[in-house]
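*Asks:* Here you go, one structure.
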Amino acid sequence: MSHDHSQDHVFDHLLAMSDDRGLFEHADGVAPRREHGYCTDDNARLLAVTSMHHDEGAAQHLNRLSLHFVRSAFAPDGSCRNRMSANGEWTDQPTTEDCWGRALYGLGQAAGHHGNPAVRRWALRSFDLGARRRSPWSRAMAFAAIGAVEVLRAEPEHSGARSLARDAVQVIGQLPASGTWRWPEPRLRYANATLAEALIGAGAALERPPVTARGLEMLRWLLELETIDGHLSVTGADGRGPDDVGPQFDQQPIEVSALADACARALEVTGDHEWTQGVLLAAAWFEGANDVGLVMHDERSRGGYDGLHADRVNLNQGAESTLAYVSTVHRVAQLERVA
């Protein structure tokens, strides 16, 4: 396996944002705001992203750090804590909210992809614990379903992953029977493309073509809605209803990386290269092809900026935004390897 040296520095800012316990959530500029502590959401994203890279150097270090953090977040019943204080104490009760879904997403990526069999085993053990639970929240179930799809890639008959993916399809729900609003919710909220990705992946893994088709229809509609004059103009932080018009602010990098992930999934499942365009639009958004024409990452630190406002960029380089940037760059690198 040849080593891609362009990836060597991609984790620089994430290393700077971590200590021996985990990845800090918030930053003031490039400096971690240690006093705000850590969250499972971001450490799970870190686990997912590092599981797709060569297991060496910074990627290896951050992978083991995030795997340990995410595994420690689970309660014995499979629910999950999210917030840890700067001194290492969990400060919240376990739930099946987004942190649970994201933890299963990260563990599924590690169990399905990681090059080290020991990492795959440890990840699958915690995935199995969490996968016994269900969430009433569509985002949490969508994150969990994508983790389940990755587990099924490695073990197609894994019963826990299959039933989790099946149940997620139910929770995400059907599209309106008619009309121009092609979405299962009355408003777009956050990480929107993740709902479409979960259906595309689960439909393929469960061999249910109508489910895949529904996910592809949602993604095509969302991409069209969120593209203006050839660039992405994603749903703002307050969400978007049928009567709202763009551009909306502030725009979050997580919306952009969710679109990149979903388009990469659609490409993988359908083999249709029309989806390549969505990944490239997402990457271009970070390079300044957005509503304000401003670059959304720091070339020196390798951090991602926290938000795009109508007249400026939020220059704080938090964990979520940086992972959104790093993940999107990785999606483009994947395309180039396939090409």
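*Asks:* Quick check on segment 64-76. Is at least one of its residues under 19 Å from SER159 (Cβ atoms) and either at pLDDT 95 or above or out of contact with any Leu (no Cβ under 7 Å at 6 or more places or on another chain) (or both)?
*Replies:* No: segment 64-76 contains no residue that is under 19 Å from SER159 (Cβ atoms) and either at pLDDT 95 or above or out of contact with any Leu (no Cβ under 7 Å at 6 or more places or on another chain) (or both).
*Asks:* When only residues in segment 232-273 that are assigned to a loop (DSSP other than H, G, I, E, B) and among the hydrophobic types (A, V, I, L, M, F, W, C) count, which is least open to solvent (accessible area, probe 1.4 Å)?
*Replies:* It comes out as VAL234.
*Asks:* Oh, and also: Filter segment 46-63 for residues that are in contact (Cβ under 8 Å) with a residue 12 or more places away in the chain and among the polar types (S, T, N, Q) and give the result.
*Replies:* Passing the criteria: THR50, SER51, ASN63.
*Asks:* Which of the numbered conditions does ALA339 fail, given that it passes all the others? Conditions: (1) hydrophobic (A, V, I, L, M, F, W, C); (2) more than 18 Å from ALA48 (Cβ to Cβ); (3) surrounded by 19 or more Cβ atoms within 10 Å (Cβ to Cβ).
*Replies:* (3)
*Asks:* Determine which single condition ARG83 fails, assuming it passes every other condition in (1) open to solvent by 50 Å² or more (accessible area, probe 1.4 Å); (2) closer than 22 Å to LEU164 by Cβ; (3) in contact with a Ser or Thr (Cβ under 6 Å, 6 or more places away or on another chain).
*Replies:* It is condition (2) that ARG83 fails.
*Asks:* Looking only at segment 290-336, count how many residues are in a loop (DSSP other than H, G, I, E, B), among the small types (Gly, Ala, Ser) and surrounded by 15 or more Cβ atoms within 10 Å (Cβ to Cβ).
*Replies:* 3
*Asks:* Among what's in segment 50-63 and is open to solvent by less than 10 Å² (accessible area, probe 1.4 Å) and not small (Gly, Ala, Ser), pick the residue that is farthest from VAL151 (Cα to Cα).
*Replies:* Selected residue: LEU62.
*Asks:* Ok, one more. It is to be established whether one or more residues within segment 247-255 are under 16 Å from HIS330 (Cα atoms), under 20 Å from the mean Cα position of the chain (by Cα) and not charged (D, E, K, R).
*Replies:* yes
*Asks:* Can you give me the number of residues within segment 157-202 that are open to solvent by 70 Å² or more (accessible area, probe 1.4 Å) and of a type outside the set (S, T, N, Q)?
*Replies:* Going through segment 157-202 one residue at a time, the tally reaches 7.
Residues checked against (1) of a type in the set (D, E, K, R); (2) under 17 Å from the mean Cα position of the chain (by Cα); (3) assigned to a loop (DSSP other than H, G, I, E, B):
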{"position": "ARG162", "(1), (2), (3)": "yes, no, no"}
{"position": "ASP167", "(1), (2), (3)": "yes, no, no"}
{"position": "PRO176", "(1), (2), (3)": "no, no, yes"}
{"position": "THR180", "(1), (2), (3)": "no, no, yes"}
{"position": "TRP183", "(1), (2), (3)": "no, no, yes"}
{"position": "TYR190", "(1), (2), (3)": "no, yes, yes"}
{"position": "THR194", "(1), (2), (3)": "no, yes, no"}
{"position": "ALA202", "(1), (2), (3)": "no, yes, no"}
{"position": "VAL211", "(1), (2), (3)": "no, no, no"}
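*Asks:* Another question about this same structure. Determine the pairs where a residue that is more than 24 Å from GLU226 (Cβ to Cβ), located within segment 186-212, has a partner that is assigned to a loop (DSSP other than H, G, I, E, B) with Cβ atoms under 9 Å apart, the partner being 6 or more residues away or on another chain.
*Replies:* From segment 186-212, the pairs are ALA205/PRO156.
*Asks:* Looking at ASP261, is it charged (D, E, K, R) and in contact with a strand residue (DSSP E or B) (Cβ under 9 Å, 6 or more places away or on another chain)?
*Replies:* Here the answer is no, as ASP261 does not meet what is asked.
*Asks:* Against the condition crowded, with 20+ Cβ neighbours inside 10 Å and either touching a Cys at 6+ places or on another chain (Cβ under 6 Å) or modelled with pLDDT of 95 or more (or both), how does ALA284 come out, does it pass?
*Replies:* No; evaluated as a whole, the condition is false for this residue.
The values are calculated or read from the model by the stated rules, or taken from the named source; none is laboratory data. Remember, predicted model here, so these are calculated numbers, not experimental data. For neighbour counting, all protein chains shown are included, and Cβ atoms are generated from backbone atoms with ideal geometry for every residue, glycine included. All accessible areas refer to the heavy atoms of the entire protein, side chains included, with ligands and DNA or RNA removed. Shrake-Rupley method; radii C 1.70, N 1.55, O 1.52, S 1.80 Å.
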